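All remarks here apply to the structure that follows.
Nothing in this text is a laboratory measurement; each read-out follows from the coordinates by a stated rule. The structure presented is a predicted model; accordingly, all values stated were derived computationally and were not measured. All Cβ positions, glycine included, derive from the backbone under ideal geometry; neighbour counts span all protein chains shown.
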Amino acid sequence: MKRAFFLVFLFCILAGEALSGIVKPETKDSHQILEKDSHQLEGKNFHRVVSLGPLITDMIYLLEADQRLSGVTSYCIIPEGKEKKQIIGTVIHMNIEKIVSLKPDAVFASTLTRAKQMEALKKQGINVIKFHNPVNFEEICAMFLSLGNSLGKRELALDIINKTSAQVKDIEKKAQRFEKRKVFIQIGIKPIRTSERGTFISNYILAE
């Protein structure tokens, strides 16, 4: 139950990041993103990885696969009581030499990872897997399952997703009892912007 709640919690964090402009909605279809990410990880079982994004790191810990995590960014939060990891830079500026010295099987990149730096890692013979920012609950589950598959944690990932999905449906069911309200959430100033359909914020409003 605790793990299932944490996945919902990640969903909440992403919505908050969207409000602050950290996570921007992707224009690609959810299934296209799932297929692309899953294709890169098909048949993989990495034992030594570097995470270039806080969300990726959070998911690795949730999957209890942190023993396979050798490096993280300075923005990643290591859970209390867990072993500290090597810092390889920020989400935008990374130390290529440091990453290479860790000898990872793969580097999990985020949308903020610079293309030139990913190419530099690939030239060193390192697998670089880029994850797109999930913009709704379906995509966060798809990303979570892809990571689980690649880290030998498929069964645990499916169990957490199933329990979390049940929690989300329960919340939606309870929310139907309340009167719907008109809501405007401003996420930009120049120009004024609001959330789009299919995003975390939109999902929040529909569930309220």
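Miscellaneous remarks
- Of the GluC sites (Glu not before Pro) in region 78-178, the ones in a loop by DSSP (not H, G, I, E or B) with at most 12 other beta carbons within 10 Å are E80, E83.
- The simple spin-label model puts a point 7 Å past each Cα toward its Cβ; for N45 and K174 those points are separated by 4.0 nm.
- Length added when fully stretched, I189-H93, from 0.36 nm per residue minus Cα-Cα: 31.8 nm
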